[in-house]
Structures are given as C-alpha cells and as structure tokens.
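Student: Before I ask anything, let me first share the structure, which is written out below as structure tokens.
Bear in mind that the values in this text are calculations on the coordinates, not laboratory data. Being a predicted model, the structure only gives us computed values, none of them experimental. Note: ideal-geometry Cβ built from the backbone for every residue, glycine included; neighbour counts use all protein chains shown.
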Amino acid sequence: MARQRKARTIYVATTGVAEYRATIPVYVRPDDVVLEVGCEWGTTTELIAEVGADVIGTDISPECIERARESRPNIRFEAIDAFDMPALLALNKKFTKIYLDLSGFSGYASLLDLISLLQMYAHVLEPEVIVAKSRSLKTFAHRCIAWEQPPKEEN
Ligand SMILES: C[S@@+](CC[C@H](N)C(=O)[O-])C[C@H]1O[C@@H](n2cnc3c(N)ncnc32)[C@H](O)[C@@H]1O
C-alpha cells in the first residue's frame, strides 16, 4: 500500500504588512526559492529579492502584474489565481518558502478557505515555510494547543 507523505510545512501567521515583511530576514535566505502569492505591485517581492533569494511574484490582477513588471524589471511576475495549482506548478520551481497575502482573506469568513489553500500548498508544493498575512489565522493559531500526553509518573 502506498504510504501517504506527511507535510512538514510550518505556517507563520502575521497581521498587517509590517509584520508580514518583518519575517523576511528571519525566514528568507539567499539560497531560497520563494513564491509570493498576492504580490500586487511587487513591494514585498522586491524586499525578498534583496535578500538574494530567487523569487517570483504572482497576483490575480493583470494590471498589478503589469505595474510590478514595469517598476521592477529584474524580478519575475506572473498573473495567476492563487487557487490555480496547475499554473503554479507550471512555474516549474521547487519553492522552499511561500509568502501569501490575498485581499479579502484576513477575516474569519474566509478562514476555512485560507486553511484549505495553505494545506493544498503544503501537500503539493511542499515548502518549508508559508508566511500568511491573515489576522484571523493568527488569532486562531494563538488559541490552538497541540496536545501532548505528559509522561506517566512512576510510583
Ligand atoms: C494587500 S494586496 C498585496 C500586497 C503585497 N503583498 C505587498 O506586500 O505589497 C492583496 C493582493 O491580493 C490579490 N489577490 C486577491 N485575490 C487573489 C487570488 N485569488 N489570487 C491571487 N491574487 C489575489 C489582489 O489582486 C491584491 O493585489
């Protein structure tokens, strides 16, 4: 029987763009291959590129991508929907880190969709870390405990 592989991805939940960007020096190394999903005009994508990482910025909006390409011609940008996994796989990169910042995905109403997306990225793209900008994910993470059975005391 085929064994199911376990995703080892760590999820980092941030609130606001300052926190989202503050993770870059902590998580991104020059040898990383990074995908930023929801890159808008590429401001954060450029900060990731400045570390020396190989980075691609993607956004659903072709207008944003056009502007990002014009202002940052040395960085690769592609118009792709975050949920279009075949298009992300067609980028043909082994992403080690993923940055995710989608408008409309910060509130509780979209938490399930966001978690589904994170799980899909973890299982298909297998990055080491996904940094997400989402207030509701951070609040949820703060309220979770991964229960571990304490060792039994010997008499
Ligand atoms: C807050 S902006 C991103 C800002 C950018 N990450 C930065 O740090 O400068 C959110 C972006 O998410 C994009 N977006 C929303 N839904 C998306 C989807 N389904 N797939 C890809 N991008 C999406 C929007 O077009 C918008 O540019």
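Student: Out of S116, S103, which single residue is without any contact (Cβ under 8 Å) to a residue 40 or more places away in the chain and either under 19 Å from A13 (Cα atoms) or not in a helix (DSSP H, G or I) (or both)?
Tutor: S116 is the lone residue from the list that is without any contact (Cβ under 8 Å) to a residue 40 or more places away in the chain and either under 19 Å from A13 (Cα atoms) or not in a helix (DSSP H, G or I) (or both).
Student: Out of G38, G42, G16, G52, report the one residue that is on the phi > 0 side of the Ramachandran plot and more than 14 Å from the ligand (Cβ to nearest atom).
Tutor: Result of the check over G38, G42, G16, G52: G52.
Student: Okay, moving on. If I130 meets every condition in (1) outside any helix (DSSP H, G or I); (2) free of Cβ contacts under 8 Å to residues at least 40 places away in the same chain apart from one, which number is that one?
Tutor: Against the list (1) outside any helix (DSSP H, G or I); (2) free of Cβ contacts under 8 Å to residues at least 40 places away in the same chain, I130 comes up short only on (2).
Student: Condition first: of a type in the set (A, V, I, L, M) and surrounded by 13 or more Cβ atoms within 10 Å (Cβ to Cβ). Now tell me which residues in region 97-123 satisfy that.
Tutor: Within region 97-123, I98, L100, L102, L111, L114, I115, L117, L118, M120, A122 qualify.
Student: Just to check your reading of the model, which residue among L137, L91 is touching a Leu at 6+ places or on another chain (Cβ under 9 Å), away from the ligand (no atom under 11 Å from the Cβ) and under 19 Å from D54 (Cβ atoms)?
Tutor: On inspection, the qualifying residue turns out to be L91.
Student: Can I ask one more? Looking only at residues in region 70-83 that are touching a strand residue (DSSP E or B) at 6+ places or on another chain (Cβ under 9 Å) and farther than 23 Å from A18 by Cβ, which one is surrounded by the most Cβ atoms within 10 Å (Cβ to Cβ)?
Tutor: Of everything passing the filter in region 70-83, I80 is surrounded by the most Cβ atoms within 10 Å (Cβ to Cβ).
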